[in-house]
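The values are calculated or read from the model by the stated rules, or taken from the named source; none is laboratory data. Quick caveat: nothing in here was measured; it's all calculated off a predicted structure. Don't worry about glycine lacking a Cβ; one is built from the backbone with ideal geometry, like all the others, and counts go over all protein chains shown.
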Amino acid sequence: TAPARDRLRIAIQKSGRLAEPARSLLTACGLSWRQSRDKLFCYGESLPVDLLLVRDDDIPGLIADGVCDFGIVGRNELDEQGAARRRIGLPDAYQALRGLNFGQCRLMLAVPDEWDWQGVQQLAGKRIATSYPAILADWLAERGVDAQVVELSGSVEIAPRLGTADLICDLVSSGATLAANQLKPVETLLESEAVLAGPVKTPDDARAGLMAMLLRRLDGVVNVQD
Ligand code: ATP
Ligand code: ZN
(Lines give C-alpha, C1' and ligand atoms only; values in the text may rest on other atoms or scores of the structure.)
(Ligands and ions follow the chains in the order given, each with its own letter.)
Protein backbone atom coordinates (compact mmCIF):
# COMPACT_ATOMS: atom_id res chain seq x y z
CA THR A 1 0.00 0.00 0.00
CA ALA A 2 1.09 3.57 -0.73
CA PRO A 3 2.50 5.62 2.18
CA ALA A 4 0.35 8.16 4.08
CA ARG A 5 0.37 11.70 2.72
CA ASP A 6 -1.08 14.92 4.03
CA ARG A 7 -1.36 16.67 0.67
CA LEU A 8 -3.71 15.69 -2.12
CA ARG A 9 -2.47 15.10 -5.67
CA ILE A 10 -4.65 15.54 -8.72
CA ALA A 11 -3.49 14.43 -12.18
CA ILE A 12 -4.72 16.33 -15.20
CA GLN A 13 -3.76 16.34 -18.87
CA LYS A 14 -0.66 18.46 -19.53
CA SER A 15 -1.81 19.56 -22.97
CA GLY A 16 -4.71 18.56 -25.19
CA ARG A 17 -8.48 18.77 -25.19
CA LEU A 18 -9.00 18.30 -21.45
CA ALA A 19 -6.06 20.36 -20.16
CA GLU A 20 -7.58 23.83 -20.07
CA PRO A 21 -11.13 22.91 -18.95
CA ALA A 22 -9.73 20.68 -16.18
CA ARG A 23 -7.55 23.47 -14.82
CA SER A 24 -10.39 26.01 -15.00
CA LEU A 25 -12.71 23.65 -13.16
CA LEU A 26 -10.23 23.17 -10.32
CA THR A 27 -9.60 26.92 -10.18
CA ALA A 28 -13.37 27.44 -9.89
CA CYS A 29 -13.24 25.06 -6.90
CA GLY A 30 -10.92 27.52 -5.17
CA LEU A 31 -7.59 25.86 -5.90
CA SER A 32 -4.49 27.79 -6.91
CA TRP A 33 -0.89 26.79 -7.48
CA ARG A 34 2.53 28.29 -7.24
CA GLN A 35 3.86 28.47 -10.80
CA SER A 36 6.40 25.70 -11.08
CA ARG A 37 9.24 25.98 -13.55
CA ASP A 38 9.26 22.42 -14.84
CA LYS A 39 5.46 22.49 -15.24
CA LEU A 40 5.03 18.83 -14.39
CA PHE A 41 4.23 19.43 -10.76
CA CYS A 42 2.30 22.47 -9.47
CA TYR A 43 2.43 23.09 -5.74
CA GLY A 44 -0.96 23.98 -4.23
CA GLU A 45 -1.12 27.36 -2.51
CA SER A 46 -4.69 27.99 -1.36
CA LEU A 47 -5.05 24.39 -0.14
CA PRO A 48 -2.70 21.39 0.22
CA VAL A 49 -3.75 20.12 -3.20
CA ASP A 50 -0.99 19.67 -5.79
CA LEU A 51 -1.34 19.14 -9.55
CA LEU A 52 0.47 16.65 -11.73
CA LEU A 53 0.48 17.47 -15.44
CA VAL A 54 0.71 14.27 -17.46
CA ARG A 55 -0.50 12.45 -20.57
CA ASP A 56 -4.13 11.43 -20.22
CA ASP A 57 -3.15 7.77 -20.81
CA ASP A 58 -1.08 7.84 -17.60
CA ILE A 59 -3.88 9.06 -15.33
CA PRO A 60 -5.66 5.75 -14.53
CA GLY A 61 -2.33 4.08 -13.70
CA LEU A 62 -1.26 6.94 -11.43
CA ILE A 63 -4.47 6.47 -9.44
CA ALA A 64 -4.12 2.67 -9.43
CA ASP A 65 -0.58 3.00 -8.06
CA GLY A 66 -1.62 5.50 -5.39
CA VAL A 67 0.66 8.20 -6.85
CA CYS A 68 -2.37 10.47 -7.35
CA ASP A 69 -5.64 10.66 -5.45
CA PHE A 70 -7.83 12.11 -8.17
CA GLY A 71 -7.53 12.49 -11.90
CA ILE A 72 -9.49 14.24 -14.62
CA VAL A 73 -9.68 11.98 -17.66
CA GLY A 74 -12.07 10.90 -20.40
CA ARG A 75 -14.43 8.09 -19.45
CA ASN A 76 -13.19 6.40 -22.66
CA GLU A 77 -9.62 6.19 -21.34
CA LEU A 78 -10.66 5.15 -17.83
CA ASP A 79 -13.01 2.43 -19.12
CA GLU A 80 -10.45 1.13 -21.63
CA GLN A 81 -7.75 0.70 -19.01
CA GLY A 82 -10.29 -0.72 -16.56
CA ALA A 83 -11.48 -3.24 -19.15
CA ALA A 84 -7.87 -4.14 -20.01
CA ARG A 85 -7.12 -4.78 -16.32
CA ARG A 86 -10.18 -6.97 -15.95
CA ARG A 87 -9.25 -8.97 -19.05
CA ILE A 88 -5.97 -9.99 -17.40
CA GLY A 89 -7.58 -10.65 -14.04
CA LEU A 90 -6.49 -7.53 -12.14
CA PRO A 91 -8.91 -6.05 -9.58
CA ASP A 92 -10.64 -2.70 -10.17
CA ALA A 93 -8.34 0.06 -8.98
CA TYR A 94 -10.20 3.26 -9.82
CA GLN A 95 -13.68 4.54 -10.52
CA ALA A 96 -15.42 7.49 -12.13
CA LEU A 97 -16.75 9.60 -9.26
CA ARG A 98 -18.38 12.48 -11.14
CA GLY A 99 -19.21 13.42 -14.73
CA LEU A 100 -17.77 16.85 -15.42
CA ASN A 101 -19.84 18.11 -18.34
CA PHE A 102 -17.01 18.71 -20.82
CA GLY A 103 -15.00 16.63 -23.26
CA GLN A 104 -18.15 14.99 -24.64
CA CYS A 105 -17.61 12.46 -27.41
CA ARG A 106 -18.74 8.99 -28.42
CA LEU A 107 -16.80 5.83 -29.05
CA MET A 108 -18.35 4.58 -32.28
CA LEU A 109 -18.02 1.98 -34.98
CA ALA A 110 -17.66 3.59 -38.38
CA VAL A 111 -17.79 1.82 -41.73
CA PRO A 112 -16.94 2.87 -45.28
CA ASP A 113 -19.65 5.13 -46.78
CA GLU A 114 -20.59 2.56 -49.40
CA TRP A 115 -21.47 -0.16 -46.86
CA ASP A 116 -25.14 -0.95 -46.48
CA TRP A 117 -25.22 -1.27 -42.67
CA GLN A 118 -27.57 -3.96 -41.41
CA GLY A 119 -26.29 -4.66 -37.92
CA VAL A 120 -23.53 -6.22 -35.86
CA GLN A 121 -23.79 -9.67 -37.47
CA GLN A 122 -22.18 -8.00 -40.50
CA LEU A 123 -18.93 -7.69 -38.50
CA ALA A 124 -18.16 -11.43 -38.50
CA GLY A 125 -14.66 -12.02 -39.89
CA LYS A 126 -13.98 -8.29 -40.35
CA ARG A 127 -10.89 -6.40 -39.13
CA ILE A 128 -11.65 -3.42 -36.88
CA ALA A 129 -8.94 -0.80 -36.21
CA THR A 130 -9.08 0.94 -32.82
CA SER A 131 -7.15 2.51 -29.96
CA TYR A 132 -9.75 0.97 -27.59
CA PRO A 133 -9.10 -2.77 -27.99
CA ALA A 134 -10.41 -3.88 -24.57
CA ILE A 135 -13.72 -1.97 -24.77
CA LEU A 136 -14.20 -3.19 -28.34
CA ALA A 137 -13.34 -6.81 -27.52
CA ASP A 138 -15.82 -6.80 -24.60
CA TRP A 139 -18.52 -5.23 -26.78
CA LEU A 140 -18.01 -7.82 -29.53
CA ALA A 141 -17.96 -10.69 -27.03
CA GLU A 142 -21.23 -9.49 -25.43
CA ARG A 143 -22.83 -9.69 -28.87
CA GLY A 144 -21.22 -12.98 -29.80
CA VAL A 145 -19.50 -11.44 -32.82
CA ASP A 146 -16.23 -12.95 -34.00
CA ALA A 147 -14.25 -10.06 -35.52
CA GLN A 148 -10.55 -9.22 -35.47
CA VAL A 149 -9.43 -6.27 -33.33
CA VAL A 150 -6.48 -4.39 -34.88
CA GLU A 151 -4.90 -2.14 -32.26
CA LEU A 152 -3.53 1.19 -33.54
CA SER A 153 -2.29 4.02 -31.34
CA GLY A 154 -3.24 6.79 -33.75
CA SER A 155 -4.56 7.72 -37.22
CA VAL A 156 -7.17 5.01 -36.88
CA GLU A 157 -9.46 6.68 -39.41
CA ILE A 158 -7.13 6.07 -42.36
CA ALA A 159 -6.82 2.31 -41.72
CA PRO A 160 -9.66 1.30 -44.07
CA ARG A 161 -8.17 3.32 -46.94
CA LEU A 162 -4.73 1.83 -46.25
CA GLY A 163 -6.26 -1.64 -46.26
CA THR A 164 -5.07 -2.50 -42.74
CA ALA A 165 -8.66 -2.80 -41.49
CA ASP A 166 -12.19 -3.02 -42.90
CA LEU A 167 -13.75 -0.57 -40.46
CA ILE A 168 -12.86 1.39 -37.33
CA CYS A 169 -13.92 1.98 -33.73
CA ASP A 170 -12.93 5.51 -32.71
CA LEU A 171 -13.93 8.65 -30.81
CA VAL A 172 -16.34 10.90 -32.65
CA SER A 173 -17.52 14.37 -31.73
CA SER A 174 -18.64 16.31 -34.82
CA GLY A 175 -18.20 13.48 -37.30
CA ALA A 176 -16.17 15.72 -39.62
CA THR A 177 -13.06 13.51 -39.40
CA LEU A 178 -15.09 10.43 -40.33
CA ALA A 179 -16.74 12.21 -43.27
CA ALA A 180 -13.34 13.42 -44.52
CA ASN A 181 -12.22 9.79 -44.60
CA GLN A 182 -15.36 8.48 -46.35
CA LEU A 183 -16.58 6.74 -43.20
CA LYS A 184 -19.98 6.81 -41.52
CA PRO A 185 -20.81 6.10 -37.86
CA VAL A 186 -23.13 3.11 -37.31
CA GLU A 187 -23.00 2.00 -33.65
CA THR A 188 -22.22 3.71 -30.33
CA LEU A 189 -20.14 1.70 -27.84
CA LEU A 190 -19.74 4.43 -25.23
CA GLU A 191 -21.02 7.94 -24.45
CA SER A 192 -18.00 9.69 -22.98
CA GLU A 193 -17.16 12.91 -21.18
CA ALA A 194 -14.42 14.03 -18.82
CA VAL A 195 -14.82 12.50 -15.37
CA LEU A 196 -13.27 12.93 -11.96
CA ALA A 197 -11.65 9.57 -11.28
CA GLY A 198 -10.61 8.37 -7.86
CA PRO A 199 -9.46 5.21 -6.09
CA VAL A 200 -11.85 2.40 -5.21
CA LYS A 201 -10.78 2.77 -1.58
CA THR A 202 -10.42 6.23 0.04
CA PRO A 203 -7.11 6.64 1.92
CA ASP A 204 -7.53 6.80 5.71
CA ASP A 205 -5.29 9.78 6.40
CA ALA A 206 -5.53 13.58 6.06
CA ARG A 207 -6.45 13.21 2.40
CA ALA A 208 -9.92 11.81 3.14
CA GLY A 209 -11.21 15.16 4.42
CA LEU A 210 -9.65 17.05 1.51
CA MET A 211 -11.19 14.63 -0.98
CA ALA A 212 -14.65 15.02 0.55
CA MET A 213 -14.33 18.81 0.54
CA LEU A 214 -13.19 18.90 -3.05
CA LEU A 215 -16.10 16.68 -4.14
CA ARG A 216 -18.56 19.04 -2.41
CA ARG A 217 -17.05 22.08 -4.10
CA LEU A 218 -17.01 20.29 -7.45
CA ASP A 219 -20.70 19.41 -7.13
CA GLY A 220 -21.50 23.07 -6.52
CA VAL A 221 -19.45 24.27 -9.48
CA VAL A 222 -20.50 21.60 -12.00
CA ASN A 223 -24.20 21.96 -11.15
CA VAL A 224 -24.09 25.76 -11.47
CA GLN A 225 -22.57 25.38 -14.96
CA ASP A 226 -25.57 23.30 -16.15
P1 ATP B 1 -2.18 13.00 -24.59
O2 ATP B 1 -0.99 13.70 -25.17
O3 ATP B 1 -2.51 13.53 -23.23
O4 ATP B 1 -2.08 11.50 -24.64
P5 ATP B 1 -4.39 12.63 -26.48
O6 ATP B 1 -4.00 12.92 -27.88
O7 ATP B 1 -4.54 11.23 -26.04
O8 ATP B 1 -3.42 13.44 -25.51
P9 ATP B 1 -6.70 14.44 -26.74
O10 ATP B 1 -6.83 14.35 -28.22
O11 ATP B 1 -6.32 15.74 -26.13
O12 ATP B 1 -5.79 13.28 -26.12
O13 ATP B 1 -8.10 13.96 -26.15
C14 ATP B 1 -8.29 13.84 -24.77
C15 ATP B 1 -9.70 13.37 -24.51
O16 ATP B 1 -10.64 14.31 -25.04
C17 ATP B 1 -10.12 12.06 -25.15
O18 ATP B 1 -9.64 10.93 -24.44
C19 ATP B 1 -11.63 12.17 -25.07
O20 ATP B 1 -12.09 11.82 -23.77
C21 ATP B 1 -11.89 13.67 -25.26
N22 ATP B 1 -12.43 14.03 -26.60
C23 ATP B 1 -13.49 14.81 -26.84
N24 ATP B 1 -13.74 14.92 -28.15
C25 ATP B 1 -12.84 14.20 -28.79
C26 ATP B 1 -12.58 13.91 -30.16
N27 ATP B 1 -13.33 14.40 -31.14
N28 ATP B 1 -11.53 13.14 -30.46
C29 ATP B 1 -10.74 12.66 -29.47
N30 ATP B 1 -10.96 12.88 -28.16
C31 ATP B 1 -12.00 13.63 -27.80
ZN1 ZN C 1 -3.58 10.14 -24.75
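A few comments on the model shown:
- Residue count for region 78-111, restricted to those that are hydrophobic (A, V, I, L, M, F, W, C), closer than 16 Å to Ile135 by Cβ and surrounded by 13 or more Cβ atoms within 10 Å (Cβ to Cβ): 9
- Taken over region 68-79, the residue count meeting the criterion of being assigned to a strand (DSSP E or B) and within 16 Å of ligand 2 (Cβ to nearest atom) is 4.
- Scanning region 61-76 for residues that are over 19 Å from Leu218 (Cβ atoms) and not aliphatic (A, V, I, L, M) yields a count of 4.
- Summed over region 201-226, residues that are modelled with pLDDT under 95 and either in contact with a helix residue (DSSP H, G or I) (Cβ under 7 Å, 6 or more places away or on another chain) or of a type in the set (Val, Ile, Thr) (or both) total 3.
- Close pairs from region 5-17: first at positive phi and without any contact (Cβ under 8 Å) to a residue 60 or more places away in the chain, partner among the charged types (D, E, K, R) and crowded, with 24+ Cβ neighbours inside 10 Å, Cβ under 9 Å, at least 6 apart: Gly16/Asp56
- Beta carbons closer than 8 Å, at least 6 apart along the sequence or on distinct chains, pair a first residue in region 48-71 that is farther than 20 Å from Ser131 by Cβ with a second that is assigned to a helix (DSSP H, G or I) and within 11 Å of ligand 1 (Cβ to nearest atom) for Leu53/Ala19; Cys68/Ile59.
- Note on region 84-111: residues that are out of contact with any strand residue (DSSP E or B) (no Cβ under 6 Å at 6 or more places or on another chain) and either within 16 Å of ligand 2 (Cβ to nearest atom) or not in a helix (DSSP H, G or I) (or both) total 10.
- Complete set of residues in region 112-146 that are crowded, with 21+ Cβ neighbours inside 10 Å and in a loop (DSSP other than H, G, I, E, B): Ser131, Tyr132
- Residue check for Arg55: of a type in the set (Lys, Arg), modelled with pLDDT of 95 or more and under 23 Å from Cys169 (Cβ atoms): yes
- Filter result (in contact with a Pro (Cβ under 9 Å, 6 or more places away or on another chain) and at pLDDT below 95) within region 110-157: none
- Residues of region 1-28 that are part of a loop (DSSP other than H, G, I, E, B) and near ligand 1 (Cβ under 10 Å from one of its atoms): Lys14, Ser15, Gly16, Arg17, Leu18.
- Residue in region 31-51 that is away from ligand 1 (no atom under 16 Å from the Cβ), of a type in the set (Lys, Arg) and either part of a strand (DSSP E or B) or surrounded by fewer than 22 Cβ atoms within 10 Å (Cβ to Cβ) (or both) present: yes
- In this entry, Ser32 passes the filter for residues that are more than 15 Å from ligand 2 (Cβ to nearest atom) and at pLDDT 95 or above.
- Residue that is farthest from ligand 2 (Cβ to nearest atom) [pool: residues in region 7-17 that are touching a Leu at 6+ places or on another chain (Cβ under 9 Å) and not β-branched (Val, Ile, Thr)]: Arg7
- Selection within region 41-67 - within 16 Å of ligand 2 (Cβ to nearest atom) and in contact with a strand residue (DSSP E or B) (Cβ under 6 Å, 6 or more places away or on another chain): Leu52, Val54, Asp56, Ile59, Pro60, Leu62, Ile63
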